[in-house]
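Just below is one structure, and these are the notes that go with it.
The values are calculated or read from the model by the stated rules, or taken from the named source; none is laboratory data. Remember, predicted model here, so these are calculated numbers, not experimental data. Counting neighbours? That spans all protein chains shown, and the Cβs are built from the backbone with ideal geometry, glycine included.
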Amino acid sequence: MRIRAGLGALVGLLAVMPVAAQTVPASLTLERAIEIARSNNPAYLQTQNDQVQADWDVRQAYGQLLPSASANSGVTWQGAGEQQFGTLTLGDLGFGDLPSYYLSSYGINLAMSLNLATVLGPSQAKAVRGATTARVRAADAALVFQVTGAYLDVLRQQEALRLALKQLENGQLNLRLAQGRLEVGSATPIDVGQAEVQVGRAEVGVLQARNALATGRMRLLQQLGVPVDQETELGTAFPLAEPTWTLEELESTALARNPSLDATRRSKRAADIGVTAARSPYLPTLSVSTGWSGFTRQASSTDLQILQAQASVASQVASCNATNDLYSRLARPIAPRDCTQYAFTDANRQAIVDANDQFPFNFQKSPFSVRLGLSIPIFQGFSRQRNLEAAKLQREDLDQQVREQELALRADLSVALSTVRTAYESALLEERNGSLAEQQLRLARERYQLGAITFVELVAAQTVMAQAERDRTSAVFAYHDAVTRLESLVGTSLR
């Protein structure tokens, strides 16, 4: 049996358009609906963002194997004031207060630290990324399952509307038959009244079916992540085909492709690396660092420096004169020294001013240095043991989860395959029952026209026919729902 949908028509746009302007094609196939959902479903897009973060986690893990670099710079202002040297001040030494100072500095530092956890970081990050990728695939499979279910529900409600309209048509036909027999005197007004009630009930059924169809369509569009005030024609046919899959084939495919199971297995691989990395606190850590730096220091006024230089020159002149005086008192006088060589000139003053002109970029570089360190942990309050045991337990939990999911998957596949086969057989039987009920209704209508049966018997035959069609529809869509469930377990399409 093939079921096709027809709900109206709208012009379709590309799935990559923004959500606010996204419309669905005039003829919406299941494949196209899944594509639109992958581009617009908010929950699925949130899950996809985890993949981006996982990619950056891998880059960060590789970055930990490279030296870290930092640069710093700063300026400082130090106010003027009196400098204290123990119990003495500059005033006690004959100098005034210190002037204010302007200082600047820079530093460039490189550092690198390696241990077992750092070395294993990229492998562990890639394993975690693999688990994240599998979880994204699981979210994709869940999205396909949800969209397919919503798609089938719209088709189910459309078929229900078709049956409701058919019931209304049959009720109107019965009403015309009752009215015709009343005109020739072979029926009573009661038959006509019953026929009118039947038509009224059928009209209520059509009204409810239309509402259910509109609701199903809006739920489908909600799954697609697009505005729900749209109409479209569903263009995918779902045939009722005999299930020929074997349990062994399905198990083999599911164990290899089921996204949830694959995600747990990849998490187990990441946990294996995590156990090894948890042993790193027992091993040494190697660290290397180096850097370059410089500084400047400039006084706001050179008066104190000039005063100090002048005092130094005056002290040298006094020392020279005292030495010459001492030489002149000797029994054998020594030629006096030339004390005029000690003088504070304008050139000396300018040299002090020039030497003070350093702020902010005339840096004095510090000596270059390299530091190599080796850290060996001895005792850390049992934190290493605790973290290692926690990593082992996490790995054991994931190992049991893998085993649990494999057992559950095998059981679910057996149940799902049995359900599909039962649903297929049931649908075939309901199709046969529907054909028999249709024949009985046609025969009952002919007999009623001949006056061989009452109107109540005609209504009973029509009720049986309506129930048979509803049962047939339920059985067919139960089959499609069961196949959709089986596909979600296997991890691939089976239709």
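Miscellaneous remarks
- In the stretch 161-186, the residues that are at pLDDT 80 or above form Cβ pairs under 7 Å with partners that are not in a helix (DSSP H, G or I), at six or more places apart or across chains, as follows: 178/187.
- Taken across the stretch 110-132, residues that are in a helix (DSSP H, G or I), surrounded by 17 or more Cβ atoms within 10 Å (Cβ to Cβ), of a type outside the set (Lys, Arg) and touching an Asp or Glu at 6+ places or on another chain (Cβ under 6 Å) do occur, with at least one present.
- The stretch 220-259: number of residues that are in a helix (DSSP H, G or I) and crowded, with 16+ Cβ neighbours inside 10 Å: 10
- Criterion applied to 410, 371, 349 was being out of contact with any Leu (no Cβ under 9 Å at 6 or more places or on another chain) and part of a helix (DSSP H, G or I), and the one residue passing it is 349.
- Leading residue by the ranking (modelled with the lowest pLDDT) among those in the stretch 266-282 that are farther than 13 Å from residue 126 by Cα and buried (at least 19 other Cβ atoms within 10 Å of the Cβ): 280
- Among the residues of the stretch 20-44, those that are over 18 Å from residue 143 (Cα atoms) and more than 25 Å from the chain's Cα centre (by Cα) comprise 23, 25, 26, 27.
- Filter pass, residue 142 being surrounded by fewer than 18 Cβ atoms within 10 Å (Cβ to Cβ), part of a helix (DSSP H, G or I) and of a type in the set (A, V, I, L, M): yes
- Those residues of the stretch 278-317 which are farther than 30 Å from residue 342 by Cβ and assigned to a helix (DSSP H, G or I), in sequence order: 280, 281, 282
- Qualifying residue in the stretch 279-301 (condition: touching an Asp or Glu at 6+ places or on another chain (Cβ under 9 Å) and either assigned by TED's automatic domain parsing to the domain that holds residue 392 or more than 30 Å from residue 98 (Cβ to Cβ) (or both)): no
- Considering 337, 421, 442, 384, the condition of being at pLDDT 90 or above and among the basic types (Lys, Arg) is satisfied by 421 alone.
- Here the condition is being modelled with pLDDT under 90, buried (at least 16 other Cβ atoms within 10 Å of the Cβ) and within 30 Å of residue 72 (Cα to Cα); of 302, 285, it holds for 302 alone.
- From the options 495, 472, residue that is touching a residue at least 40 places away in the same chain (Cβ under 8 Å), outside the structural domain of residue 152 (by TED's automatic domain parsing) and not hydroxyl-bearing (Ser, Thr, Tyr): 495
- Cross-chain or 6+ apart pairs with Cβ under 6 Å, the stretch 319-333 first and within 19 Å of residue 343 (Cβ to Cβ), then of a type in the set (D, E, K, R): 320/337; 324/337
- Of all residues in the stretch 293-331, those being out of contact with any strand residue (DSSP E or B) (no Cβ under 9 Å at 6 or more places or on another chain) and either of a type in the set (Gly, Ala, Ser) or under 30 Å from residue 110 (Cα atoms) (or both) number 11.
- Among residues of the stretch 423-453, those that are touching a residue at least 24 places away in the same chain (Cβ under 8 Å) and not aliphatic (A, V, I, L, M), counted: 12
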